[in-house]
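These notes are about the structure you will find just below.
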């Protein structure tokens, strides 16, 4: 068993600065006491370039996946972030990369420490009035009374008890039947519902997320859970317990994520748009297994870009591009003479480009804040006992991955903003990035390739065999 240490220069906890020497001593003591072999250590120093920070280097080391069982050790939660939300995102990123995270002092799992810290923080901040409100809501939950909006398939009855909405209840049972009897995944279930004209409660189209949430909701077993209170048989069930369990097992087998598996990003993510409906095309991975005529079991993973409307809501026609084919086409378009590539309309204001980047950065920072709030909601549910910690980590992995993408976009935007002093410099920088992409495409790391593409490309519009690349102005 091996451990990596992550240290932060100038780290302060409880008003006391913890030197790098002290952090190292605690890490060595942790490994010695628990029999871990030191695999590597990583340091974020004050004033170091963020693009080459120790934290990102550590994630890359873990994602290589050739170290066996691995844990990451930090001196305290403060090493992961200045607040629980930021710390949670970093902890989730490490867990998604393939390593469990522990605190050096006390050896507590970081996830449990974070949930405990979150609970203490909000308990201390709560005024007596809010505590009385919470206690009253908990008493209502004990009685099985509905708090908030009931899940699809139910409504609040005269005594605030959940009762079945007949038309919606039939749809819930149909969704479970499609998953259980026909073996459909959430994407195909959403497509089936939309194709049959079945609408959500608000009259909208079904998405993968809305179908997934129904298939995972234990309320359909007749169990009501809020504020850490779990009341079995509090309302009529829509799904049998055995069927619910089988669906969860089937979904777990379909899940492509998992600890220890390095996630390979899609280089053109965020740059490719559907030429039919104008929506983004997102990267999708599918793993298929089959048995040959000789009885040999085989498997393969297929990666492609698919219209987001088609993927999530089946609202667009079949516009799908294999990853290798689309990236090869992008390279061909990049290799075309610069004058032959379409450009976005250019404003006469020399400062307009800088303002555009500033607006882009503001939008990215807004998405970062929203992403962090989602993670904080997970922390809050775990602290209340409504969400198991392992489940919190599983749900939070997607937010951590999105945070890494957003951080990379923000770094790229800041670098471009700092470099855009004149039109000539912009042209030289873009041409240098294009040349580097053309000559070193296969040798570039995924994040560097994406950053260079964003320097040159504004968008790639794809419709079947037709593709058009628009360069940045």
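Each value in this text was obtained by applying a stated rule to the coordinates, not by laboratory testing. Just so we're clear, the structure is a prediction, and the values are computed from it rather than from any experiment. Here Cβ is always computed from backbone atoms with ideal geometry, including for glycine, and neighbour counts include all displayed protein chains.
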Could you order peptides 287-298, 161-172 by the average number of other Cβ atoms within 10 Å of their residues, highest first? 161-172, 287-298
Pair residue 355, residue 112: separation of 7 Å Cα→Cβ label points (nm): 5.5 nm
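Sorted by mean Cβ packing within 10 Å, highest first, what order do the peptides 2-9, 173-180, 105-112 take?
The densest-packed peptide leads the list: 2-9, 173-180, 105-112.
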Which distance in nm do the two modelled labels at residue 269 and residue 417 give, with both placed 7 Å along the Cα-to-Cβ direction? 2.3 nm
Residue 336 versus residue 174: modelled label distance in nm, points set 7 Å from Cα along the beta carbon direction: 4.6 nm
Would you mind getting me the FRET efficiency between residue 328 and residue 289? Use the beta-carbon distance for r and R0 = 35 Å, nearest 0.05. 0.80
A student applying the Cα gyration tensor rule (rounded when a/c is under 1.5; otherwise prolate if a/b is larger than b/c, oblate if not) would label the stretch 323-471 prolate
Find how much the distance from residue 198 to residue 78 grows on full extension, using 0.36 nm per residue of separation minus their present alpha carbon separation; answer in nm with one decimal. 38.4 nm
List 281, 251 from most exposed to least, where exposure is judged by having the fewest other Cβ atoms within 10 Å. 251, 281
Which FRET efficiency, nearest 0.05, do residue 442 and residue 242 yield, Cβ-Cβ r, R0 60 Å? 0.75
Once you have the Cα-Cα distance between residue 34 and residue 156, take 0.36 nm times their residue separation minus that, and quote the gain in nm to one decimal. 38.7 nm
Given 270-277, 24-31, the highest-first ranking by average Cβ count within 10 Å works out to 270-277, 24-31
If each residue of separation counts as 0.36 nm, what is the full-extension length gain between residue 391 and residue 120 once their alpha-carbon separation is subtracted? 95.5 nm
